Amino acid sequence: MRRAVFCDFDGTITVEDTFADMLRHFVPSVAPRLLEEVYGLKVPLTVGIRQLVESIPSSRYEEVLDFIGRADIRPGLDELLAYLEDERVPFYVVSGGLTGMVKRVLGARVQKLSGIYAPDVSLDGKFLKLTTDFESEKELLDKVQVMALHPAEDRITIGNSLTDLQMSQEAELAFARDRLSRYLDDRVQPYTPWENFHQ
């Protein structure tokens with residue numbers, strides 16, 4: 001492929017960081033402290049996020065999806081998807097959140113995506129159990145592994161936070177905002193600032 005777009009979900013497609021907000025809501029006794037340690041690079045994503053998600057009772061999964069389902073989508077997404085479809089450029093959602101959350105928020109827009117890559121959950125036990133096909137030592141969803149499945153001359157990434165750092169460093173063009181911008185600044189890594197999909 002000549003070009004492909006790999007886009008984060010939480011805080012990127014959604015206006016707010018819906019996944020972190022959900023964790024703070026459903027695991028209030030632990031989430032604020034543990035999330036700060038994850039964002040501060042003191043606790044690996046794989047450890048912190050797994051611990052938080054797997055503290056949520058399976059019986060509350062539908063509540064989790066309903067909580068996420070109220071999320072607002074960042075302006076310009078529909079126009080971007082239409083443009084990329086016309087240009088025959090694939091658009092992959094790569095999320096460190098949950099597949100069910102992505103599908104609940106995007107609804108019919110899922111048909112316009114070239115693929116969704118995100119961890120899933122098993123509801124078999126008393127608590128949610130994370131499952132993922134692309135886990136690495138540092139990430140529950142190794143977005144660089146996903147990018148390797150869809151090689152392109154120009155790999156374009158769009159993100160906002162820590163889970164997007166590795167893929168942004170691998171991209172030919174990285175769009176970054178919020179916390180991700182600061183991580184890239186610290187590493188003197190070039191990127192294009194953005195706030196909405198019209199840009």
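The values are calculated or read from the model by the stated rules, or taken from the named source; none is laboratory data. Just so it is clear, the structure is predicted and the values come from calculations on it, not from any experiment. Because the Cβ atoms are built from the backbone with ideal geometry, glycine has one as well, and the counts that use them run over all protein chains shown. We work out accessible area using only protein heavy atoms, side chains counted, and drop any ligands, DNA or RNA first. Shrake-Rupley method; radii C 1.70, N 1.55, O 1.52, S 1.80 Å.
Under a Cβ-only charge scheme (Lys and Arg +1, Asp and Glu -1), can you give me the dipole magnitude of the chain about the Cα centre, in debye to the nearest 20?
On the way: 23 positive and 33 negative charges, 54 e Å.
My answer is approximately 260 debye.
State the percentage of accessible surface on the chain attributable to carbon and sulfur atoms; use a 1.4 Å probe and exclude ligands, DNA and RNA.
That share works out to 47 percent.
Whole number in Å², please: accessible area per residue of the chain, 1.4 Å probe, ligands, DNA and RNA not counted.
On the way: 9660 Å² over 199 residues.
Result: 49 Å² of accessible area for each residue.
Which net charge results when you count Lys and Arg as +1 and Asp and Glu as -1 among the other residues whose beta-carbon is under 12 Å from that of residue 110?
Numbers: positive: 103, 104, 109, 112; negative: none.
With Lys, Arg at +1 and Asp, Glu at -1, the net is +4.
Efficiency by 1/(1 + (r/R0)^6): what FRET value for residue 66 and residue 188, r their Cβ-Cβ distance, R0 = 41 Å, to the nearest 0.05?
In this case the efficiency is close to 0.45.
Could you let me know the centre-to-centre spacing of region 147-197 and region 61-133, using Cα atoms, in angstrom?
Taking the Cα centre of region 61-133 as reference, the centre of region 147-197 is 19 Å away.
Per DSSP helix of 4 or more residues, -39500 (n - 2.57); summed, then divided by the residues of the chain. What does that give at 222 nm, rounded to the nearest 500?
Details: 9 runs with 77 residues, N = 199.
The per-residue figure over the chain is -10500 deg cm²/dmol.
Can you spot the lysines whose alpha carbon is less than 25 Å from residue 42's alpha carbon? Ignore those fewer than 8 places along the same chain.
Reachable lysines: 129, 138, 143.
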